[in-house]
Amino acid sequence: MKYRHIARPFGAFAAVSVLALSVACDRDAADTETPASAPDSEMQEAEAEDAAPTQADAADFIAEVEQWTRDFGEYYSRIAWVQATYINYDTNWLITKVDTEFTEKGVEFANEAKRFNDLELPEEMRRKLEAIKLGVNLPAPARPGAAAELAEINTRMGAAYETGKIELDGKQVPRSELEVMMGEIRDPAKLQEIWTKWREVPVAGDDDGNTIKSDYAKMVTLANEGARELGYADAGAMWRSRYDMDPDEFAAEMDRLWGQVKPLYDELHCYVRAELNEEYGDDVVPLDQPIRADLLGNMWAQTWGNLNDLAAPEGASPSYDLTEQLVSKGYDAKKIVETGEGFFSSLGFEPLPETFWERSMITKPEDREVACHASAWNLDWHDDIRIKMCTQVNADDFRTVHHELGHNYYQRAYQDKSVLFQTGANGGFHEAIGDMISLSITPEYLKEIGLIDEVPDASKDLGLLMNEALEGVAFLPFGLLMDKWRWQVFSGELTPETYNEGWWKLREEYQGIRPPVERGSQYFDPGGKYHIPGNVSYERYFLARILQFQFHQAACEIAGWEGPLHRCSVYGSKAVGARFNAMLEMGASEPWPEALAAFTGSREMDGSAMVAYFQPLLDWLEEQNEGRSCGW
Ligand code: X8Z
Ligand code: ZN
């Protein structure tokens with residue numbers, strides 16, 4: 001989705017909400033040029049308006065955008081929902097059409113908003129205008145036909161990704177199944193086969209020879225052109241302008257946070273490589289090399305939780321496996337979602353509406369193509385909230401369900417705000433809500449809801465921390481590099497010839513991983529990850545990882561918890577629910593530091609809560625790694 005205010009589905013293709021608020025985008029760069037395509041009469045009108053816009057003009061304009069957004073947004077969302085849950089020729093046609101209309105109107109509004117750049121205005125109005133300027137996720141240039149071309153490209157990339165399959169042992173296998181296989185298989189040859197075959201999808205052409213790779217390059221050119229017309233250096237700079245600060249300052253902020261948590265990653269990497277070396281031997285896992293990307297239990301090596309058994313500290317392995325417990329206790333997708341709802345209810349949030357259960361898609365339908373990448377939606381700015389997932393009964397999806405429900409409860413909490421403020425305080429906040437809840441899924445909590453029978457004692461703490469580190473800590477450099485790559489692409493530092501080389505350079509530098517086989521410039525490996533063809537920015541997930549622990553620490557303090565953070569569950573704490581809601585209901589109506597302060601008391605994103613959470617594991621890892629030559 002191109003226009004942020006319509007973009008309620010979180011994580012949905014073609015319907016991606018972005019937080020587009022910035023009080024720091026370069027005013028000088030934002031000229032008052034009318035789109036080149038505007039007819040003369042409109043030009044004259046615009047010039048007349050440019051002459052002396054008043055506060056009343058600004059108020060009228062904002063009201064017009066709000067009304068249009070409300071109406072068109074619901075219309076857009078319902079089409080996007082049908083397309084995502086029923087991908088075929090006609091729904092692709094519909095989404096392309098509505099997407100085009102959205103982008104055209106969004107760009108028109110963004111250009112119009114610049115008229116008020118020099119006008120003294122109350123803070124709330126200024127903020128709404130900034131939201132309008134940054135509201136188009138991928139702005140098309142204003143010339144006729146450009147928005148339609150961009151929409152066609154995006155629909156094609158999205159559909160190619162979501163319907164992509166590979167041939168394995170004589171069968172066509174979809175990605176959702178491949179993801180599970182990557183977590184379970186331990187045969188390096190088979191892993192390599194799945195890994196490389198999945199990466200054929202971004203370079204496989206359709207009947208007209210379009211590939212995700214060729215479309216991506218065209219998308220970059222168009223979006224940059226559109227971003228420049230709006231006054232941004234490029235589309236990457238526009239994306240970095242959504243954080244209530246200057247885009248360069250934001251890039252530095254990401255690096256600062258990474259610097260805080262990098263020691264955790266370095267120790268984990270060193271330890272996991274040594275464990276993998278024991279499992280696979282020197283040939284497959286040499287101790288002085290980056291780790292082979294297909295051995296980490298995940299299609300993208302982004303989280304390593306599937307290596308739990310292999311990485312568990314000696315004698316500290318928790319006595320249960322959540323996937324096994326879910327299966328043996330007879331959980332199905334619905335029961336997992338009900339469990340997630342139960343957690344939010346325990347904090348004092350209203351139960352999900354009946355329509356959530358009637359209209360959500362929580363398992364994969366067998367009879368049609370759907371977009372399986374999980375997402376959460378609000379279709380009517382009110383209570384028509386839903387999730388869309390191809391839920392599997394396992395620990396990964398138990399976590400993802402909580403993640404998605406976090407989006408829904410946030411959407412519901414800020415529904416009384418202006419539609420221009422109906423999004424996260426920043427993108428990281430929206431992704432961190434359900435993730436904070438996940439940290440409260442402690443053994444004590446699991447026992448309370450009957451999912452496990454025995455709570456492992458303190459001797460298993462390192463094992464519990466390891467489980468969490470393989471998810472959260474392992475994710476950090478991946479979360480960071482996705483958009484580092486994209487920023488380089490949008491700035492022109494990388495070109496289609498160097499897309500793949502640049503990708504692997506970052507993967508090696510930040511994650512310390514390498515491809516199982518040589519990857520030439522003909523490939524487009526970033527295109528094998530949903531958010532690249534989907535144009536969903538990724539910095540939000542890196543920030544969410546930081547905020548998740550910051551929120552958890554604050555929540556545990558509010559709940560009066562005094563033990564170690566990893567044993568704290570805020571399940572049942574109405575006090576936490578109330579303070580949490582105070583932040584959620586603000587949406588994006590104020591700069592994010594205010595929202596952060598409402599819940600945590602702090603105005604800075606801070607990685608130290610994450611370090612504090614993992615401190616016992618960090619100490620242990622340092623001991624284990626003594627004498628090893630870490631790094632790559
Ligand atoms: O895309 C998602 C969510 C939807 S917003 C399922 N996540 C990222 C990913 O899958 O890569 C959640 C964690 C990171
Ligand atoms: Zn999400």
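The values are calculated or read from the model by the stated rules, or taken from the named source; none is laboratory data. Small disclaimer: the values here were computed from a predicted structure and weren't measured. As a convention, Cβ positions derive from the backbone with ideal geometry for all residues, glycine included, and neighbour counts pool all protein chains shown. Each accessible area value is taken on the protein alone, full model and side chains, heavy atoms only, with ligands, DNA and RNA left out. Shrake-Rupley method; radii C 1.70, N 1.55, O 1.52, S 1.80 Å.
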Taking 0.36 nm per residue of sequence separation and subtracting the Cα-Cα distance, how much length would be gained by fully extending the chain between Ser459 and Asn117, in nm to one decimal?
117.1 nm
At most 14 other Cβ within 10 Å, DSSP loop - GluC sites (Glu not before Pro), the stretch 297-379:
Glu314, Glu366
Over the Cα atoms, compute the radius of gyration (one decimal) and Dmax (the largest Cα-Cα distance, rounded to a whole number) for the stretch 547-632, in Å.
16.3, 52
Around Val136, which amide H atoms from residues at least 5 apart in sequence, or from another chain, sit under 5 Å from its own amide H, with H modelled in the peptide plane?
Arg4
Show me, for the stretch 579-587, the HN-Hα J-couplings you get by feeding each phi into the Karplus relation (A = 6.51, B = -1.76, C = 1.60, θ = phi - 60°), rounded to Hz, glycine and proline as x.
5, 4, 4, 4, 6, 4, 5, 6, x
Phi angles of the stretch 450-456, converted by Karplus (6.51 cos²θ - 1.76 cosθ + 1.60, θ = phi - 60°) into ³J(HN,Hα) in whole Hz with x for Gly and Pro, give x, 7, 10, 9, 10, 8, x
With +1 on each Lys and Arg Cβ and -1 on each Asp and Glu Cβ, how big is the dipole of the stretch 185-259 about its Cα centre, in debye rounded to the nearest 20?
380
Using a simple spin-label model with points 7 Å from Cα along the Cα→Cβ vector, what separation in nm is obtained for Glu497 and Glu448?
6.0
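Provide, as a two-decimal number, the C-alpha radius of gyration of the stretch 175-234 over 2.2 N^0.38 Å, N being how many residues it has.
In units of the 2.2 N^0.38 Å rule of thumb, it is 1.68.
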State the answer as a single residue: which of Trp239, Gly205, Asn224 lies farthest towards the positive end of the charge dipole of the stretch 162-252, with beta carbon charges of +1 for Lys and Arg and -1 for Asp and Glu, about the Cα centre.
Gly205
Share antiparallel - DSSP beta bridges, the chain, percent rounded to 5
75
Quick one: if you stick a label point 7 Å off each Cα along the C-beta vector at Glu369 and Val327, how many nm between them?
3.1
With all protein chains present, the stretch 223-290 has a carbon and sulfur share of its accessible area (1.4 Å probe) in percent of 44
Which percent of the accessible heavy-atom area of the stretch 454-582 goes to carbon and sulfur, probe 1.4 angstrom?
47
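Taking 0.36 nm per residue of separation and subtracting the Cα-Cα distance, what length does fully extending Glu626 through Met125 add?
Fully extending the segment from Glu626 to Met125 adds 174.7 nm.
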Please list, ordered by chain and number, the residues whose modelled amide H lies under 5 Å from the amide H of Ile291; skip anything fewer than 5 residues away on the same chain.
Ile513, Arg514
Whole-Hz Karplus couplings 3J(HN,Hα) for the stretch 364-379, θ = phi - 60° and coefficients 6.51, -1.76, 1.60, Gly and Pro as x, run 7, x, 8, 9, 7, 7, 9, 8, 7, 4, 4, 8, 10, 10, 10, 8
Taking the chain, how much of its Cα-Cα pair set, in percent, is spaced more than 40 angstrom apart?
24
Show me, bin by bin at 5 Å from 0, the whole-percent P(r) of the stretch 93-218 based on Cα pairs.
2, 9, 15, 14, 12, 11, 10, 9, 7, 6, 4, 2, 1, 0
Accessible carbon and sulfur surface of the stretch 59-162 relative to its total accessible area, %, 1.4 Å:
53
Could you sort Cys390, Cys630 by their accessible area in this structure, using a 1.4 Å probe and putting the largest first?
Cys630, Cys390
Take the cross-link list Lys165/Lys190; Lys484/Lys505; Lys197/Lys218; Lys388/Lys484; Lys364/Lys388; Lys213/Lys529 and give me the ones stretching past 18 Å between alpha-carbons.
Lys197/Lys218; Lys388/Lys484
Contour minus Cα-Cα distance for Ser602 and Lys262 (0.36 nm per residue):
120.2 nm
Taking a probe of 1.4 Å, how large is the accessible area per residue of the chain, in Å²?
36
Measure off 7 Å from each Cα along the Cα-to-Cβ vector at Trp357 and Ala189, then give the distance between these two points in nanometres to one decimal.
5.0
With only helices counted (DSSP H, runs n ≥ 4, each -39500 (n - 2.57)), the per-residue ellipticity at 222 nm for the chain, to the nearest 500, works out to -17500 deg cm²/dmol
The chain, dipole about Cα centre (Lys/Arg Cβ +1, Asp/Glu Cβ -1), debye to the nearest 20
660
Taking 25 Å as R0, compute the FRET efficiency from the Cβ-Cβ separation of Glu350 and Arg78 and round it to 0.05.
0.60
